[in-house]
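Quick notes on the structure that follows.
The values are calculated or read from the model by the stated rules, or taken from the named source; none is laboratory data. Model, not experiment: these values are computed from the prediction. Neighbour counts are summed over all protein chains in view; Cβ atoms, including those assigned to glycine, are modelled from backbone coordinates with ideal geometry. Areas reflect the complete protein model, heavy atoms only, side chains present, ligands, DNA and RNA absent. Shrake-Rupley method; radii C 1.70, N 1.55, O 1.52, S 1.80 Å.
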Amino acid sequence: MSSLVDGELPGTLFHPPPHLERTAHVPGMDTYRRMYAESVEHPEAFWANIAQEFFWKTPATGPLFNWNFDVRKGPIATNFMTGATTNISYNALDRHVACGLGDKTAFIWEGNNHGDEGKITYSQLLEEVSKFSNVLKAAGLEKGDRVAIYLPMILELPIAILACARIGVVHSVVFGGFSADSLAERMLDGKCSVLVTADGVWRGDKFIDLKKIADEAAAKCLAHGHKTTRKIVVKHMGPCPVTQQNGTTNGVLNGNGHDHAKGDGRGKVPRVDRYCSKKHHKELITQWDDQVDWWWHEEVAKVEATCPPVWMDSEDPLFLLYTSGSTGKPKGILHTVAGYMVYAALTFKCVFDYQDDDVYWCTADAGWITGHSYVVYGPLLNGATGIVFEGIPTYPQPDRFWEVVEKYRVTKFYTAPTAIRSLMKFGEEIVLKHDRSSLKILGSVGEPINPEAWLWYHKYVGEERCPIVDTFWQTETGGHVLTPLPAATPLKPGSATLPFFGVLPAVLDEDGHEISQPDCEGYLVFKQAWPGVMRSIYGDHKRYENLYFGKFPGYYTTGDGCKRDKDGYYWITGRIDDMVNVSGHLLSTAEIESALIEHPGVSEAAVVSHPHPIKGECTYGFVTMKVGHVFNKQTVSELKLKVREKIGAFAVPDFLQDAPGLPKTRSGKIMRRVLRKIACGDRALGDISTLADSDVVETLFKLRPSNA
Ligand code: 6R9
């Protein structure tokens with residue numbers, strides 16, 4: 001692979017292609033500057049104007065937009081469209097169907113395996129959502145109740161999300177890679193009485209027994225005093241009994257005109273399954289408890305196909321989404337209906353410069369915020385056609401992404417730097433062999449994109465035609481907060497560039513003073529609210545106030561450090577707390593440590609972030625064994641299993657080393673800075689004068705695993 005960085009000047013500008021400007025929602029920097037100034041100087045008027053594009057059952061009765069970000073002045077709060085009522089599923093579905101978009105494809109489903117595919121139109125989606133809303137009602141759920149959703153990337157995932165939203169039930173999606181323990185912890189915290197899951201899923205060539213994990217999680221909830229958990233299970237791994245009887249599908253979810261029966265030799269039985277073609281079925285001995293388990297397909301067959309939306313107050317809760325907390329306890333980030341809706345929709349429209357004929361593909365799992373805002377809500381609120389992809393970038397071959405781009409003629413493509421880096425190593429040939437002429441805009445999210453990966457993405461994937469929108473945001477921000485706009489912002493590889501409308505960033509020094517000169521480095525904070533900002537941590541408003549508004553009163557603290565250059569461009573330098581960004585997933589080192597400590601032989605553990613060529617960062621754990629216990633290969637596998645069980649496979653440390661002692665200050669604080677250096681084999685340790693016992697450092701260097 002050729003090196004792209006050689007000869008490229010740092011700070012080189014990549015200007016928007018002029019043809020984009022002609023149809024763009026935000027054409028040119030002058031338009032951006034004018035709209036931006038209006039959005040931060042007159043936020044109420046700006047957002048009220050944007051809100052007019054949506055359907056409101058009843059208008060606002062109080063302020064259109066106000067907030068308090070200063071704990072000294074009272075509780076932290078943000079209010080948008082006070083007193084108005086609306087429904088996000090109505091805005092995402094009914095509104096488009098009413099305007100004649102009913103036959104437009106809402107989602108294309110591309111399964112893990114070749115040949116597993118389907119499509120659903122807006123009117124079909126509305127019907128499926130309405131049916132599932134009725135199922136949720138039949139399960140006894142009402143406005144304000146919480147439902148956990150633990151599903152793979154199949155169409156039932158957006159259907160379940162929207163069905164909750166339709167009747168005011170708060171969804172709490174848990175990524176399908178989390179373990180039973182993590183799922184149970186989130187269900188307990190959210191007091192979820194219903195869990196929507198599937199019988200299983202293939203991820204690449206690995207099978208994941210979701211129902212078994214769901215059963216374990218429900219049992220754990222029961223053991224913690226939860227009442228019974230009703231499980232609604234999608235049959236994804238085998239033929240759907242209802243459709244098998246009459247020999248036809250229920251007509252909706254795989255109505256793509258492809259006759260699977262021809263392709264996989266199932267002879268006369270036409271398309272008995274909904275998604276997963278027969279050759280990928282798995283004979284599951286699914287444990288079943290008639291008292292609590294419902295098959296999705298059986299329940300939707302019993303209910304009406306229409307369901308009136310429940311009109312929600314603007315500030316009613318829409319969803320919870322758990323994100324790692326630096327103390328190790330995950331935080332249920334709470335978003336509310338109206339602000340999230342308007343913000344997800346506007347960012348999608350402007351950042352991907354949405355056009356009616358787009359085929360848009362965000363590769364993120366809907367278990368993360370990127371999937372919530374930019375697989376489900378943002379695209380649907382704009383009436384877009386999006387792809388729901390169940391697979392992974394390297395299966396069956398590492399050209400899967402580009403194959404799918406070619407197959408559906410994808411126009412806007414949004415992925416994570418870790419995916420780009422993992423594909424770069426296979427060389428550009430696998431990209432070049434696929435037709436990418438449909439692509440117009442590329443996106444990046446989840447972590448800083450290194451210029452080498454940016455340039456490769458730009459040159460080989462985007463054929464130097466496509467702007468790359470490097471979008472910085474968080475679960476907490478609801479949508480993009482620092483991002484280029486493709487027909488306006490000149491790009492600098494590695495920079496998330498400039499703030500989105502309504503977002504007023506500042507850089508603070510250690511003492512909390514705003515740094516006024518453009519060229520600086522410090523803490524990234526935001527000075528005022530935008531409609532999509534989180535409203536609380538579920539069940540713990542105090543923790544929310546302390547964590548995000550406590551360190552620097554008057555500001556929303558992101559937890560990220562940044563540089564700002566002379567042109568005012570922002571460059572994220574990474575987390576400043578004990579969080580690690582592994583492949584774009586935020587993990588808490590404390591949470592991994594507490595999993596390691598559960599091993600009966602471990603007395604203490606310290607986990608630090610460590611550079612990784614593909615994942616960006618990975619975790620490296622130092623483990624002190626109890627007297628009488630040895631640290632050997634078996635210990636390492638047992639420890640890895642612990643993390644897998646407690647959190648999930650994606651959190652397993654890449655490196656674990658024996659640590660007879662840990663470097664500590666005299667007050668007993670572990671010096672993680674020193675551990676990070678040791679992990680890298682870097683002897684430039686800086687000031688270690690506060691270290692209680694300097695001998696431990698030498699011992700740790702000696703015990704470093706040879707592959708680290
Ligand atoms: C959307 C999402 C948030 C953290 C965030 C930051 C990192 C996300 C980034 C980025 C640099 C970007 N991050 N996008 N860093 N450039 N374009 O990823 O949400 O999972 O909550 O993670 O991810 O560190 O604070 P979330």
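Things worth noting here:
- When a 1.4 Å probe is rolled over the protein heavy atoms, the share of accessible surface on region 393-549 that falls to carbon and sulfur comes to 51 percent.
- When a 1.4 Å probe is rolled over the protein heavy atoms, the share of accessible surface on region 40-95 that falls to carbon and sulfur comes to 54 percent.
- Centroid-to-centroid, using Cα positions, region 649-670 and region 507-565 are 29 Å apart.
- Shape of the chain from the C-alpha gyration tensor: rounded (a/c under 1.5, with a ≥ b ≥ c the square roots of its eigenvalues).
- A crude spin-label estimate for the pair Ile515 and Ile597, with each label 7 Å from Cα along the Cβ direction, gives 3.5 nm.
- Per residue value of the accessible surface for region 340-411 (all protein chains in place, 1.4 Å probe), Å²: 20 Å²
- Region 293-357 and region 181-240 have Cα centres spaced 20 Å apart.
- Each Lys or Arg adds one and each Asp or Glu subtracts one; over the other residues with Cβ under 11 Å from the Cβ of Leu508, this totals -3.
- Ordered from largest to smallest accessible area (heavy atoms of protein chains, 1.4 Å probe), the residues Trp296, Trp288 come out as Trp288, Trp296.
- Cross-link partners for Lys220 among the aspartates and glutamates, with Cα-Cα distance under 15 Å and sequence neighbours closer than 8 places in the same chain left out: Asp181, Glu185, Asp189, Glu645.
- Principal axis dimensions, largest first and in whole angstrom, of region 599-708 by Cα: 38, 37, 25
- Whole-Å distance, taken between Cα centres, linking region 408-446 and region 54-105: 34 Å
- Prolate/oblate/rounded label for region 517-608 (Cα gyration tensor, a/c 1.5): oblate
- Highest-first packing order for the peptide set 556-565, 657-666 is 556-565, 657-666, based on the mean count of other beta carbon atoms within 10 Å.
- Looking at region 641-687, the accessible area is 48 square angstrom per residue; that uses a 1.4 Å probe and ignores ligands, DNA and RNA.
- Neighbourhood net charge (9 Å Cβ-Cβ; Lys/Arg +1, Asp/Glu -1) for Asp289: -2
- What a 1.4 Å probe finds exposed on region 573-638 is 56% carbon and sulfur by accessible area, rounded to a whole percent.
- Of Ile149, His612, Val359, farthest towards positive along the dipole that unit charges on Lys, Arg, Asp, Glu beta carbons give the chain: Ile149
- Helices assigned as whole DSSP H runs in the chain whose Cα atoms extend at least 18 Å along their own long axis and whose mean Kyte-Doolittle hydropathy is 1.0 or higher are found at 337-351.
- Think of region 41-129 as a dipole: +1 on every Lys or Arg Cβ, -1 on every Asp or Glu Cβ, centred on the Cα centre; then among His96, Pro75, Thr86, Pro75 lies furthest on the positive end.
- Among beta bridges that DSSP assigns inside the chain, antiparallel share in %, nearest 5: 60 percent
- What the Cβ-Cβ distance of Phe701 and His541 gives, at R0 = 35 Å and to the nearest 0.05, is a FRET efficiency of 0.15.
- The chain, relative contact order [Cα under 8 Å, separation at least 6], %: 14 percent
- Computed from point charges on the beta carbon alone (+1 for Lys and Arg, -1 for Asp and Glu), the dipole magnitude for region 621-699 about its Cα centre is near 300 Debye.
- The region of the chain that goes longest without hitting one of the GluC sites (Glu not before Pro) in a DSSP loop, each with at most 11 other Cβ atoms within 10 Å, is 511-708.
- Note on region 529-635: with charges restricted to the Cβ of Lys and Arg (+1) and Asp and Glu (-1), its dipole about the Cα centre is near 140 debye.
- In terms of the mean number of neighbouring beta-carbon atoms within 10 Å, the peptides 67-75, 306-314 order highest first as 306-314, 67-75.
- Of the trypsin sites (Lys or Arg not before Pro) found in region 434-538, those in coil by DSSP whose Cβ has at most 16 other Cβ atoms within 10 Å are Arg465, Lys527.
- Remark: the chain carries a charge dipole of roughly 900 debye about the Cα centre, counting +1 on each Lys and Arg Cβ and -1 on each Asp and Glu Cβ.
- Cβ-defined net charge surrounding Thr121, 13 Å radius [Lys, Arg +1; Asp, Glu -1]: -1
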